[in-house]
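Let me begin by presenting the structure, written as structure tokens, before commenting on it.
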Amino acid sequence: QVLLVESGGGLVQTGGSLRLSCAASGRTFRTAAWFRQIPGKEREFVAAISKNGGYTYYADSVKGRFTISRDNAKNTVYLQMNSLKPEDTAVYYCAADVAPIMAVTTQQYDYWGQGTQVTVSS
């Protein structure tokens, strides 16, 4: 099992920044990712990162504004979000899997955090 706990969400104005953290415990995992979801819609891929951090992948909607990173010594994955827009408002979820596949679909990930709310005001 991998236990994931997100933190760092909150309310920010348009153009502002937030950094989300995802603290992991339990068994070793390889791929980590961030997804987001708004009520009534499916969970949407945001970014993924490989085990050693050498490979990252982003949704087009956040490319150039968000940065995913990880500190394996601290078992923590981060999502730095800059130039935030109202359309970034969502609950953000951290996901992890033991497989070395950087997938953009929720089905690939076996472990999920409880989510953290990000609200961007206009």
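Taking the stretch 17-37 as the range and being in a loop (DSSP other than H, G, I, E, B) and either among the charged types (D, E, K, R) or loosely packed, with under 15 Cβ neighbours inside 10 Å (or both) as the test, the residues that pass are Ser17, Arg27, Thr28, Arg30.
Of note, Gly54 satisfies the criterion of being out of contact with any strand residue (DSSP E or B) (no Cβ under 8 Å at 6 or more places or on another chain), part of a loop (DSSP other than H, G, I, E, B) and at pLDDT below 95. Return yes or no: is Ser7 under 11 Å from Gly113 (Cα atoms) and either among the small types (Gly, Ala, Ser) or open to solvent by 30 Å² or more (accessible area, probe 1.4 Å) (or both)? Against the criterion (under 11 Å from Gly113 (Cα atoms) and either among the small types (Gly, Ala, Ser) or open to solvent by 30 Å² or more (accessible area, probe 1.4 Å) (or both)), Ser7 qualifies. Has the stretch 50-61 got any residue that is over 23 Å from Val12 (Cβ atoms), surrounded by fewer than 14 Cβ atoms within 10 Å (Cβ to Cβ) and among the acidic types (Asp, Glu)? No, the stretch 50-61 has no match at all.
Checking the stated criteria, Asp110 turns out to be surrounded by fewer than 17 Cβ atoms within 10 Å (Cβ to Cβ) and of a type outside the set (S, T, N, Q). Scanning the stretch 88-115 for residues that are aliphatic (A, V, I, L, M) and within 10 Å of Val2 (Cα to Cα) gives Ala95, Ala96, Val98. When Arg70 is tested against the conditions (1) charged (D, E, K, R); (2) part of a loop (DSSP other than H, G, I, E, B); (3) surrounded by 17 or more Cβ atoms within 10 Å (Cβ to Cβ), the lone failure is (2). As for the stretch 77-85, it holds at least one residue that is open to solvent by 20 Å² or more (accessible area, probe 1.4 Å), assigned to a strand (DSSP E or B) and modelled with pLDDT of 95 or more.
The values are calculated or read from the model by the stated rules, or taken from the named source; none is laboratory data. The shown structure was predicted, so the numbers you read here are calculated from the model rather than taken from an experiment. Counting neighbours? That spans all protein chains shown, and the Cβs are built from the backbone with ideal geometry, glycine included. Note: areas computed on protein heavy atoms with side chains; ligands, DNA, RNA excluded. Shrake-Rupley method; radii C 1.70, N 1.55, O 1.52, S 1.80 Å.
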